[in-house]
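Here is the structure we will look at.
The values are calculated or read from the model by the stated rules, or taken from the named source; none is laboratory data. Everything numeric in this text was worked out from a predicted model, so none of it was measured. Ideal geometry is used to build each Cβ from the backbone, glycine not excepted, and the neighbour counts take in all protein chains shown.
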Amino acid sequence: MAAISTCLWLRENAEDAANFYVSLFDNAGITSIQHGLVDNPGGVQAGEVLTVSLHLNDTPYTLLNGGPHFQLSAATSIVASCADKAELDRLWDSLLDGGQSMMCGWLTDRFGVSWQVVPERLFTLFQSEDREAAARMTEAMMQMVKLDMDALEAAFNGA
């Protein structure tokens, strides 16, 4: 079976981004750094970092220093499911530093990568058979920027 991974086209700073991302997760690391063999249209000169391969919680990614030809958008995002409020706060604050927040737990970090920083429990509540409760929680979530699981639980429970 073919290996599958995600390649994210960054304008520049792939190595800085990779180092930052692996610092945020316990089960993460850089697996390889490839240097350009020739000058390329994206602006990477021969010998400079072209790609960085890494894994975040066993999910493989490649970051490409591709230049300004293509831009990342929120149409593609990395979902970080957080076990508790402390983890959510830490990831949110770290990823948001130099970035921009969006609605419903989304943000774009300083490298232009979009993230959804969400409580793990959110997915369980979304899938609840109590569709009215799930709808109340969803309505509450639509009013939030950074997600607050206590407030989402209260909305789910009708409080």
### Task
Search region 70-84 for residues being touching a helix residue (DSSP H, G or I) at 6+ places or on another chain (Cβ under 9 Å), assigned to a strand (DSSP E or B) and of a type outside the set (A, V, I, L, M), and hand back the single one that is surrounded by the fewest Cβ atoms within 10 Å (Cβ to Cβ).
Ser81
### Task
Just name the residue that is nearest to the chain's Cα centre (by Cα) out of those in region 1-14 that are part of a loop (DSSP other than H, G, I, E, B) and within 22 Å of Thr108 (Cα to Cα).
Ser5
### Query
If you scan region 85-108, which residues turn out to be in contact (Cβ under 8 Å) with a residue 60 or more places away in the chain, within 24 Å of Leu64 (Cβ to Cβ) and crowded, with 21+ Cβ neighbours inside 10 Å?
Leu95
### Task
Of the conditions (1) more than 18 Å from Glu139 (Cβ to Cβ); (2) in a strand (DSSP E or B), Arg90 clears all except one; give me its number.
(2)
### Query
Considering region 111-143 alone, what residues qualify as being closer than 16 Å to Ala80 by Cβ and part of a loop (DSSP other than H, G, I, E, B)?
Phe111, Val113, Glu120
### Summary
Exactly one of Ala28, Ala17 is within 21 Å of Asp109 (Cα to Cα), surrounded by 12 or more Cβ atoms within 10 Å (Cβ to Cβ) and in contact (Cβ under 8 Å) with a residue 60 or more places away in the chain, and that residue is Ala17
### Task
Inspect region 95-109 for any residue being under 30 Å from Arg11 (Cβ atoms), at pLDDT 95 or above, in contact with a strand residue (DSSP E or B) (Cβ under 6 Å, 6 or more places away or on another chain) and assigned to a helix (DSSP H, G or I) and give the result as yes or no.
yes
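With the condition kept exactly as written, say whether any residue in region 45-53 is assigned by TED's automatic domain parsing to the domain that holds Thr138, part of a loop (DSSP other than H, G, I, E, B) and either among the acidic types (Asp, Glu) or surrounded by 11 or more Cβ atoms within 10 Å (Cβ to Cβ) (or both).
Among the residues of region 45-53, not one is assigned by TED's automatic domain parsing to the domain that holds Thr138, part of a loop (DSSP other than H, G, I, E, B) and either among the acidic types (Asp, Glu) or surrounded by 11 or more Cβ atoms within 10 Å (Cβ to Cβ) (or both), which makes the answer no.
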## Note on the structure
Restricted to region 16-44 and to residues being assigned to a helix (DSSP H, G or I) and among the aromatic types (Phe, Trp, Tyr), the residue farthest from Ser81 (Cα to Cα) is Phe20
### Query
How many residues does region 109-141 contain that are within 30 Å of Gly67 (Cα to Cα) and of a type in the set (Phe, Trp, Tyr)?
2
